[in-house]
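Engineer: One structure coming up, written as structure tokens, with questions to follow.
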Amino acid sequence: MWLERTKWMLANIGWPIAFTFWCQVMVVLYAANGEISQLALYYFQFLWIIIVCSYFSASFTPPERCSLVDDDDKKSSLEGFCEQCNYRKPPRWHHCRRCNQCVHRMDHHCPILQLCIHSGNHKYFLLFLLWPLQMAIFTVYNGYYDFWKTIKSAYTGEILSNTEQLKGTGVSNAVMVGFAALYLLKNQLPNLLRNQTLIEESRETTTYDLGSWQENVKSVMGSWRIAWLPISMEVENESKRK
Ligand SMILES: [Zn+2]
Ligand SMILES: [Zn+2]
């Protein structure tokens, strides 16, 4: 029990604190030395805010509950029957043993966020990969010289100042974040274009392709206007109705 709680705490509190600290160090170091323009500084902060918002939106959007109950027909149709929940699942629902419930459009149970990626938070999860990738590219763009200097010092034995060491480590972190995001996006993006989840890719023969990649992307991310922001489609529909 305490292990689960510790993992939850690390995933939901420890991780954002560490990330925020890293972003702040990068911003302060580069801004204090006047090495980035005012515009770049604002962009850095925009990225930092949007990543934290995407993270919290992904973490705190619970999966919807399946409303179906006992099905009389269940014995004759065991296909799609969930033995743990004791009902016949509608299409695109999968049982997650870690969450102990059926989850709509379940992609996978994320060990880093300690939750399921499903229809409600898939968009935020993707943003949580795309924006940090952008942050990593931006950081490397601004600090590649420090990164290079850090690598070179390992060979030449040159002693770097504390600031140089911090910047070198910060940019190395950005490189790692960038590769980790790319690694996860490698599977996520082709599936997004096909309106398919990781589970469906591995297990199902049914296709949910809506006919064009644009429609498939919109079905997860919302209209192009809000696709890149951590705003839910319900909020957009609500504002249209007003
Ligand atoms: Zn179930
Ligand atoms: Zn789960």
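The values are calculated or read from the model by the stated rules, or taken from the named source; none is laboratory data. Everything numeric in this text was worked out from a predicted model, so none of it was measured. With ideal geometry, Cβ positions are generated from the backbone for all residues, glycine too; neighbour counts draw on all protein chains shown.
Engineer: Which condition number in (1) at pLDDT 90 or above; (2) out of contact with any Lys or Arg (no Cβ under 9 Å at 6 or more places or on another chain) is the one that residue 122 fails?
Structural biologist: Failed condition: (2).
Engineer: Taking the condition of being assigned to a helix (DSSP H, G or I) and either in contact (Cβ under 8 Å) with a residue 40 or more places away in the chain or at positive phi (or both), how many residues in the stretch 1-33 meet it?
Structural biologist: 12
Engineer: Considering only residues that are assigned to a helix (DSSP H, G or I) and surrounded by 11 or more Cβ atoms within 10 Å (Cβ to Cβ), look in the stretch 55-88 and name the one that is modelled with the lowest pLDDT. Before you say what the answer is, go through the steps one by one.
Structural biologist: Taking the stretch 55-88 as the starting set, the residues that turn out to be assigned to a helix (DSSP H, G or I) are 55-59, 72-75.
Okay, now just the ones that are also surrounded by 11 or more Cβ atoms within 10 Å (Cβ to Cβ), so 55-59, 74.
Values: 55: 91, 56: 90, 57: 92, 58: 92, 59: 89, 74: 51.
Of everything passing the filter in the stretch 55-88, 74 is modelled with the lowest pLDDT.
So that you can scan it fast, the table gives a plain yes or no per residue for (1) out of contact with any Pro (no Cβ under 9 Å at 6 or more places or on another chain); (2) under 30 Å from residue 60 (Cα atoms); (3) charged (D, E, K, R); (4) surrounded by fewer than 12 Cβ atoms within 10 Å (Cβ to Cβ):
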| residue | (1), (2), (3), (4) |
| --- | --- |
| 135 | yes, yes, no, no |
| 153 | yes, no, no, no |
| 232 | yes, yes, no, no |
| 237 | yes, yes, no, yes |
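Engineer: Of all residues in the stretch 105-149, which are part of a helix (DSSP H, G or I) and within 16 Å of ligand 2 (Cβ to nearest atom)?
Structural biologist: First, the residues of the stretch 105-149 that are part of a helix (DSSP H, G or I): 122-149.
Selection gives 122, 124, 125.
Engineer: Please verify whether the stretch 138-153 includes one or more residues that are assigned by TED's automatic domain parsing to the domain that holds residue 175 and aliphatic (A, V, I, L, M). Before you say what the answer is, go through the steps one by one.
Structural biologist: Kept after step one, since they are assigned by TED's automatic domain parsing to the domain that holds residue 175, are these residues of the stretch 138-153: 138-153.
With aliphatic (A, V, I, L, M) added as a condition, the list becomes 140, 151.
Within the stretch 138-153, one or more residues are assigned by TED's automatic domain parsing to the domain that holds residue 175 and aliphatic (A, V, I, L, M).
Engineer: Next up: Output the residues belonging to the stretch 109-144 that are within 16 Å of ligand 1 (Cβ to nearest atom) and within 19 Å of residue 183 (Cβ to Cβ).
Structural biologist: 109
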